[in-house]
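What follows is a short report on a single structure.
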Amino acid sequence: MLTSFAPTGTLRVGINLGNPVLAGSIDKSEPQPKGVTIDIAQEIGRRSGIPVELISFKSAGAIVEALKADQLDLIFVAIDPVRGADISYTPAYIQIEGAYMVKASSPIQSNEEVDATGNEIVVGNASAYDLYLKREIKKATLLRSINSQSVVDDFMSGKGNVAAGVKQQLEADSKRYDNVRMLPGRFMVIHQAMGVPKSRADFEKITLYLSDLVTELKTSGFIANSMQKHGIEGAKVAE
């Protein structure tokens, strides 16, 4: 099973720097990414005895494509039925909220008002909430930014009249601008899980192994402690 899990002898793990709940950005003062997903990946390496290589990406969509191209062995992404055609998921380890942002002068006051003719929602291309909104939005139009980090800047430069994304990402970005506000509540709950490629011969055994590990990390307090250590707010350990 371990040979199928890490066929190169090193566990290649995709890290999404586009979601601040999962991993922190790399800069000169912090050359290595830090976050809940890094802690989990390193724990898997410790328990399995397999060396871990962290490979950073700017979006979940890019991570999924790398997994499908057999460039990664393990990824941390939102559970989604479309992606599930190629990915075998563990149970969720964290739940994250998806939220909307509008200009301060916008007449839109609630999430229910967003899906209306004439509204244009800016969303990160191939993100979990892009896939969700593509299924759920009936009247508004989706406008895609290159990644999650670009959504608010595109929105503030005149693209669309609603920005959609991970609540924490939008709240952090909103601090750079004075004339925006978050809509109350959430439009979706994002269930974050580990995923492995279904193309692997033993993917079911690998998924079972990782699922048991996720359950243990949740019940033991490992994930809660990791979230506290990294200052993660607005998300919770998945039930």
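Going by the alpha-carbon gyration tensor, a ≥ b ≥ c the square roots of its eigenvalues, is the range 61-193 rounded (a/c under 1.5) or, if a/c is not under 1.5, prolate (a/b greater than b/c) versus oblate? Prolate. What the Cβ-Cβ distance of Gln228 and Val189 gives, at R0 = 22 Å and to the nearest 0.05, is a FRET efficiency of 0.60. The helix-only estimate of mean residue ellipticity at 222 nm for the chain, built from DSSP H runs of length n ≥ 4 each weighted as -39500 (n - 2.57), is -9000 deg cm²/dmol after division by the residue total. List nothing, just return the count: lysine pairs in the range 53-143, 8 or more apart or interchain, with Cα separation under 28 Å. Eligible lysine pairs with Cα atoms under 28 Å apart amount to 7.
Using only alpha carbon pairs under 8 Å that are at least six residues apart, calculate the relative contact order of the chain and give it in whole percent.
28 percent
Counting only Cβ charges, +1 for Lys and Arg and -1 for Asp and Glu, the dipole size of the range 55-200 around its Cα centre is about 80 debye. The C-alpha atoms of the chain define a longest principal axis, and helix 203-219 lies at about 70 degrees to it.
In terms of accessible area, using a 1.4 Å probe and ignoring ligands and nucleic acids, Thr117, Thr207 rank largest first as Thr117, Thr207. When all protein chains stay in place and ligands, DNA and RNA are ignored, the 1.4 Å accessible-area order of Lys205, Lys138, largest first, is Lys138, Lys205. Each Lys or Arg adds one and each Asp or Glu takes one away; over the other residues whose Cβ falls under 14 Å from the Cβ of Ile108, this sums to -1. Within the shell defined by Cβ-Cβ distances under 14 Å, the residues around Val36 carry a net charge of +1, with Lys and Arg each +1 and Asp and Glu each -1. Going by accessible surface with a 1.4 Å probe and the largest first, Ile96, Ile232 read Ile232, Ile96. Taking all protein chains together and rolling a 1.4 Å probe, His191 ends up with roughly 70 Å² accessible.
Put simply, the C-alpha atoms of the chain give a gyration tensor, and the ellipsoid matching it has half-axes of 32, 18, 16 Å, longest first.
Ligands, DNA and RNA left out, the 1.4 Å accessible surface of the chain is 50% carbon and sulfur atoms.
For the chain, the longest principal axis of the C-alpha atoms and the axis of helix 36-48 are separated by about 10°. Measuring between their Cα centroids, the range 173-239 and the range 136-159 lie 23 Å from each other. Have a look at Leu133, Leu217, Thr8 and report the one farthest towards the positive end of the charge dipole of the chain, computed about the Cα centre with Cβ charges (Lys/Arg +1, Asp/Glu -1). So the residue furthest toward the plus end is Leu133. Relative to the current alpha-carbon distance between Thr117 and Arg181, full extension at 0.36 nm per residue lengthens the span by 20.9 nm. Solvent exposure of the range 137-178 amounts to 49 Å² per residue of accessible area, where only protein heavy atoms count and the probe is 1.4 Å. Within the listed set Leu72, Leu11, Leu183, the residue fluctuating most in the Gaussian network model of the chain (springs between alpha-carbon atoms under 10 angstrom) is Leu183.
Taking all protein chains together and rolling a 1.4 Å probe, Met182 ends up with roughly 50 Å² accessible.
Over the range 29-112, what is the mean sequence separation of C-alpha contacts under 8 Å (at least six apart), divided by residue count, expressed as relative contact order in percent?
Taking the mean separation of contacting Cα pairs over the length of the range 29-112, I get 14 percent.
The values are calculated or read from the model by the stated rules, or taken from the named source; none is laboratory data. As the structure is a prediction and not an experimental result, all values here were calculated from the model. With ideal geometry, Cβ positions are generated from the backbone for all residues, glycine too; neighbour counts draw on all protein chains shown. Keep in mind that these areas ignore ligands, DNA and RNA; they rest on the heavy atoms of the full protein, side chains included. Shrake-Rupley method; radii C 1.70, N 1.55, O 1.52, S 1.80 Å.
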